[in-house]
Each structure stands twice: as C-alpha cells, then as structure tokens.
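The values are calculated or read from the model by the stated rules, or taken from the named source; none is laboratory data. All figures in this text were calculated on a predicted structure; none of them were measured in a lab. All Cβ positions, even for glycine, are placed from backbone atoms using ideal geometry, and neighbour counts span all protein chains on display. Just so you know, the surface numbers come from the protein's heavy atoms only, side chains and all, with ligands and any DNA or RNA stripped out. Shrake-Rupley method; radii C 1.70, N 1.55, O 1.52, S 1.80 Å.
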Amino acid sequence: MPIQILTVESQPFAENSYVVWRDGGTEAFVIDPGFEPDLILEALSERQLTLAAIVCTHGHVDHIAGNAALKRDFPAAPILIGPGDAPMLTDADLNLSGPYGVPVTSPPADRLVTDGERLTVAGIELEVFDVPGHSPGHVVYVIRETSPPTVLGGDVLFRGSIGRVDFPGGSFATLKHHIERVLWPLPDGTVVYPGHGPVTTVGHEMRTNPFVGKGL
C-alpha cells in the first residue's frame with residue numbers, strides 16, 4: 001500500500017515534523033517532533049494511528065522538543081537517534097536550548113541507529129545513513145520502496161541551501177562530503193523532506209544548490 005507523509009510545521013522555528021504511515025495501516029512513526037507536539041497528536045488521532053516510534057535525525061532542540069509529550073501519550077514508542085547526537089537528548093546545553101535560556105530535554109534514546117542499518121518501523125523499511133556536519137551525529141533516513149525514493153533529511157539539505165555549520169560540532173567540509181557520499185548517488189527524482197522549508201529533489205539541488213551543487 002502507498003506510503004503517506006504528512007508535514008506538521010512547528011513554530012517558532014518553522015521546523016518540519018513528518019508523520020509517516022502506510023495507507024490502510026494502524027501505525028505511524030514521527031520524524032523530529034518540534035515545539036508543537038499537540039499538532040502531531042491531533043494528526044494521529046484524526047487518522048486513528050498509533051505511534052510506533054519517534055525517529056530523530058539529530059538532537060537540536062527544535063527537532064526533539066516534542067519527544068517528551070509524544071512519549072507521555074505513547075510510552076511504548078521508542079526514541080531512535082544516531083549515537084553521535086544521543087547525548088543531546090538529555091542535555092539542554094548540548095541541544096542548544098540551555099544557552100538561549102529555555103532549557104528543554106527529551107527522554108533518553110531507546111535505540112541507537114547506525115550507518116547502513118535497515119530497520120522496519122510501522123511496516124516501512126528505513127535505511128540509515130550518517131550525514132554529520134550540521135551536528136556531529138546527524139543521520140538521514142531513506143525509503144527506497146517509494147518511486148522515486150524518499151529522504152527524510154533533517155537539517156542536511158534544503159531547497160537552495162544547507163544546514164547551518166556554525167553550531168558546535170558543525171563542519172561545512174564534513175557536511176559537503178557526506179551529501180556527496182549519501183545523497184548525490186540517489187536517483188535525480190529522489191524527494192528530500194527537509195527539517196525546514198519546502199520539499200526538493202536530489203537532482204534539483206545537485207544542479208542548482210549554491211553551496212554544494214555541481215552546476216548545470
């Protein structure tokens with residue numbers, strides 16, 4: 001059955017969370033719950049979906065602020081994140097909320113995901129890739145069964161831009177290397193669902209992105 005992806009934008013950072021489920025299914029997973037988890041809970045309730053997992057691309061506060069609320073309503077749903085960013089979940093200074101005077105923490109990770117791993121969540125297979133550079137342990141998730149493939153990409157590649165590299169642990173060279181390693185080999189039509197802004201495709205960014213594109 002087809003896979004559905006619903007975008008839930010959370011303020012104040014216009015952060016994209018994604019609710020992902022299979023048509024006719026009863027479970028969903030959520031990518032990067034932001035500061036408005038009630039919107040995600042409403043979306044799940046309206047579609048009579050149970051939360052199977054909280055899937056994190058990285059540990060910055062705008063992408064994990066809703067973890068605790070979702071975990072309260074769905075305590076059996078594991079929190080997944082790469083090992084490099086797992087400490088950010090429970091440390092407000094590391095996740096960048098502490099320095100701004102509004103400390104936010106998440107429950108700890110229930111499962112760590114690693115580069116090259118394949119896992120099935122809510123009946124959907126995800127392939128995990130390390131793409132550090134925006135944060136030390138950033139990962140992206142690729143769904144290959146969609147046509148074209150789908151990337152749940154967090155703050156790696158945006159339409160016409162890339163994730164910031166001036167946070168602790170950031171590196172432009174590292175981010176560029178891993179975008180080229182992981183994303184550019186994917187088919188041109190691969191749809192990238194980013195952590196902020198509109199969806200884009202691998203081919204469009206590879207040709208036109210002013211930071212990491214190869215040009216026309």
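A few remarks follow.
- Treating each Cα of the range 134-216 as one equal point scatterer and applying the Debye formula with no solvent, the log10 of I(q)/I(0) at q = 0.22, 0.24, 0.27 Å⁻¹ comes out as -1.02, -1.21, -1.50.
- Calculated on the Cα set of the chain, radius of gyration then Dmax: 16.0, 48 Å.
- Calculated [θ] (222 nm, deg cm²/dmol) that DSSP helices of n ≥ 4 give over the chain, each run adding -39,500 (n - 2.57): -4500 deg cm²/dmol
- Dipole in debye (nearest 20) - the chain, about Cα centre, beta carbon charges: Lys, Arg +1; Asp, Glu -1: 440 debye
- Expressed as a whole percent, the accessible area of the range 59-214 that falls on carbon and sulfur atoms is 56 (1.4 Å probe).
- Trypsin sites (Lys or Arg not before Pro), loop per DSSP, at most 16 other Cβ atoms within 10 Å - longest free stretch of the chain: 48-143
- Our analysis of the range 88-170 gives Rg over Rh at 1.02, with the two radii drawn from alpha carbon positions and Rh computed by the Kirkwood formula.
- Bridges between two residues of the chain, per DSSP, are antiparallel at a rate of about 70%.
- Among Val199, Val165, Val192, the order of accessible area from largest down is Val199, Val165, Val192, computed with a 1.4 Å probe on protein heavy atoms.
- Dmax and Rg, reported as Rg then Dmax, of the range 1-78 (C-alpha, Å): 11.4, 35
- For Glu15, neighbours were defined as the other residues whose beta-carbon sits under 14 Å from its Cβ, and their charges (Lys and Arg +1, Asp and Glu -1) total -4.
- Amide H partners (placed H, <5 Å) of Gly154, local residues excluded: Gly195
- With all protein chains kept in place, the per residue accessible area of the range 49-138 amounts to 37 square angstrom at a probe of 1.4 angstrom.
- In sequence order, the range 53-64 has phi-based couplings of 6, 9, 10, 9, 7, 6, x, 5, 4, 5, 9, 10 Hz under the Karplus curve 6.51 cos²θ - 1.76 cosθ + 1.60, θ = phi - 60°, and Gly or Pro positions carry x.
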